[in-house]
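Accompanying notes for the structure given below.
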Amino acid sequence: MRKFYLLMVALFALTLGANAQVIRTLYAWDDYKTGNWTGHGNITFSVTSDVEGSYYTLKNGGGGNRGAITTWGDVFDGITKYSLQMDYQIASLNATDPTRYQGLEISFISTSAGSIDATKNAQLTENYVLDFFQPQGEGQTLDPINTFKVNGTETVANLPIGAWYTLYVDVDGSSVSYQVKEAGNPDGAALVKGTATVAEGVESKIAGLYVRMARSQGDASFSNLKITAEAEGDFANKPSVVMTSLWQNERYFQAKFGEFEILHIEYPDGTTKELDYWSAENENGDPGIHNFTVATSGTLKLWTTMNSATSDVVSIDVDATPITLVEPTYIINEVSEGYGKVYRLSIDNSQVTLAPQIFLRAIFTPDGAGTPFDMEVSNGGTIKVDGKGTVKVTANTILINEGEHVGTRAYNESSITIVNDVEYTQNKEKSINFAHLTDAVLTANGFAADGNASGNWANYGRLYGIDAATVGTEAPAKLVYNEIPQYTKLASVYDTQGDGATLPGFFCVGNAETNTESASPTVNMHVWQGVGLVAEGRRGDAMDGAWINNAYFLIEGLTENDYTATYSGGNYGNGGDKDSNHPAVASIDELKEKVKTEINLIENTCTIRSGIKPIGLYRISDAIGRIDVYSPKNGTGINEIFNADQKVISDHNAPIYNLNGVRVNGNALQKGIYIMNGKKFVVK
């Protein structure tokens, strides 16, 4: 192999000036940052680096189809004949409901597009050069599932999925050809190939990548996108450089460059190095790839030359000091009588260079009564403390078990200590059990008997008891609670009251972000016996107005040292069986009686909030069964009180951001990691 490389060097030296094809890089993904993407809804972005380089991963965390886009603009300078290649891995593309929701779409958008709305399908505009669309939705299902339509036509491409593949695209005016090969095997046979045509009136220059993820199941990764064209005369491309790993003060880099170019490296310590394409090779013997180590802080510079041409210089500020992990953070996830609490622990590895996998360890030392423990905790996992004492939480990366660094860790550990010294008691005066409110209480507060609940709550059959005679059998019988008594408080009744109070001491707020004072709900509110409080979906008594997403509520007189434990559930998605209690009863009549006073059918999903944080209730599909309030037993730490007549300015009201720096509604958070007051917390 080595002799072959030397022979190739000699041959290229002879042919370069005569007929060699010099390739110019017009655009490449060199700097991987999640901020390079913008998205809609629950779509998440992450960047992973390994020995093969870096890549983006996009996932849809729930809800309907969600789009994301990254753009680079017009980089062509009049060029209309060019090539694009990109590595991809589709881990999951199935839509949750393929007859209703669209599938995955990968679209290389045109410079004609201007801006693409991430909430839409790129095919709606036809402003693309090449578009692969999994045509689910509107009753369509295709077999095999990896079937994609190309450029909105009946032309079909069965894109390989699961592993990493490379997509090669050649554009010549309005003609587009494509093929897919195994990643790392450019000379291998095409697994799929075809041609497409750019729509009339659409520029044939690619200005960005748009990806639409399938509902709930979308999971796709992309890497090594590069746009190239033949150059006229000598041209030197800027090398692609990425840090692939580190150990203490050592930083490991990988540089890639073209076959007619010479790579120049100037290290932070002032030493230099030059490599041609064939003398640079990685551990797999691939030419044009140079792996190297830097252990000195300073500026690392890389560039290429080809004859008289010199590329732009890549300058990297290297900090070669050992890295200490960011501190773990916690939120209180559950409060009980006494000192008992459940803490949810998390750490944001996106703040750490190369985002390593981090492991958490929690050690609880009681101060008196309590059960000590020493345990590993997953990121976002919980620990339960049953007494007064301290918890030390330590964060570490994996212990290296082979090679020259065996027995060491790449990063220095970090730790925090949680002092669990506040005793709580349930504040029964402030707590509310919506599922068991009596007829008298409801009618006294503006709710009127209104028949039975309808829609998914009644139709899905996810609220039920188990026939006691069949408990323990292979197929226990369900006694479905679908005749659910409904009480309704009309939006106009709130307007008449004028104070936004749903119950005494429980009132609606008009703006969850700024905690403005009380405001009447614009929708009807329901209480369903055995279930709880439900917000209608559309405004007005007749439910003929605009849709809302959430209604927000506060309990009067609470402080930031109080906690609300909101038990809620839903009639679809993660609701139903997961969120519901299914007691053993003798008959459906017994169940109907018990849910009036004894049984909360919704009780398994609990959200803990500070007492001054509004409680969000999503429209019509979710219900609040009860809210338990816990207060410090000795009344210590009293802070500002938020009530219906007063606005509180407090760090607890600080805005919340996702890891992409986008501000989000703190009372309608999906699963994930968020930032508040510079600290990270996890919603799971």
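The values are calculated or read from the model by the stated rules, or taken from the named source; none is laboratory data. The model shown is predicted, which means the values in this text are computed figures rather than measured ones. Using ideal geometry, Cβ is built from the backbone for each residue, glycine included, and neighbour counts are taken over all protein chains shown. Ligands, DNA and RNA are stripped out before the accessible areas are found, and what is left, the full protein with its side chains, is counted by its heavy atoms. Shrake-Rupley method; radii C 1.70, N 1.55, O 1.52, S 1.80 Å.
Descriptive notes on the structure:
- Neighbours of residue 522 by Cβ distance under 10 Å: Lys/Arg scored +1, Asp/Glu scored -1, total 0.
- For residue 337, net neighbour charge (Lys/Arg +1, Asp/Glu -1) across residues whose Cβ lies under 10 Å away: 0
- Looking at the range 160-220, the GluC sites (Glu not before Pro) that sit in a DSSP loop and have at most 12 other Cβ atoms within 10 Å of their own Cβ are 200.
- The aspartates and glutamates within cross-link reach of residue 205, meaning a Cα-to-Cα straight distance under 14 Å and a gap of 8 or more places when in the same chain, are 74, 77, 126, 131, 170, 172.
- Counting only protein chain heavy atoms and rolling a 1.4 Å probe, the accessible areas of 174, 568, 221 rank, largest first, as 174, 568, 221.
- Each residue of the range 410-421 is assigned a 3J(HN,Hα), and the resulting list reads 6, 10, 7, 6, 10, 7, 9, 10, 9, 8, 9, 10 Hz, derived from the Karplus form 6.51 cos²θ - 1.76 cosθ + 1.60 (θ = phi - 60°), x at Gly and Pro.
- Dipole magnitude of the range 404-551 about its Cα centre (Cβ charges: Lys, Arg +1; Asp, Glu -1), debye to nearest 20: 220 debye
- Our coupling estimate for the range 485-499, obtained by passing each phi through the Karplus curve with A = 6.51, B = -1.76, C = 1.60 and θ = phi - 60°, is x, 10, 10, 10, 10, 6, 4, 5, 5, 4, 4, 5, 5, x, 10 Hz, Gly and Pro reported as x.
- Sequence-distant residues sharing a close amide H with residue 218 (under 5 Å, placed H): 60
- Along the range 195-208 the Karplus relation, 6.51 cos²θ - 1.76 cosθ + 1.60 evaluated at θ = phi - 60°, assigns HN-Hα couplings of 10, 8, 10, 6, 4, 4, x, 9, 4, 8, 9, 7, 10, x Hz to successive residues, with x for each Gly and Pro.
- Here the range 261-398 is treated with +1 on each Lys and Arg Cβ and -1 on each Asp and Glu Cβ, and its dipole about the Cα centre works out to around 760 debye.
- Rounded accessible area of residue 128 (nearest 10 Å², 1.4 Å probe): 10 Å²
- Accessible surface of residue 607 - all protein chains present, 1.4 Å probe, nearest 10 Å²: 50 Å²
- Restraint check, 81/238; 81/273; 384/478, Cα-Cα greater than 28 Å: 81/273; 384/478
- Counting all C-alpha pairs of the range 173-226, share separated by more than 15 Å (%): 68 percent
- Local net charge near residue 490, Cβ-Cβ under 15 Å (Lys/Arg +1, Asp/Glu -1): -2
- Solvent-accessible surface ranking, highest first, for 404, 259, 536, 598 at 1.4 angstrom: 404, 598, 259, 536
- Here's how it looks for residue 380: its modeled amide H is under 5 Å from those of 345, 346, 347, which are all 5 or more places away or on a different chain.
- Where the alpha-carbon atoms of the range 190-304 are placed on the principal axes, they occupy 54, 46, 28 Å, in descending order.
- Amide H to amide H distances under 5 Å link residue 104 with 134, 214, where only residues 5 or more positions off or on other chains count and H is placed in the peptide plane.
- The range 464-550, Rg to Rh (Cα coordinates; Rh as Kirkwood inverse mean 1/r): 1.18
- Probe 1.4 Å - accessible area at residue 606, Å² to nearest ten: 40 Å²
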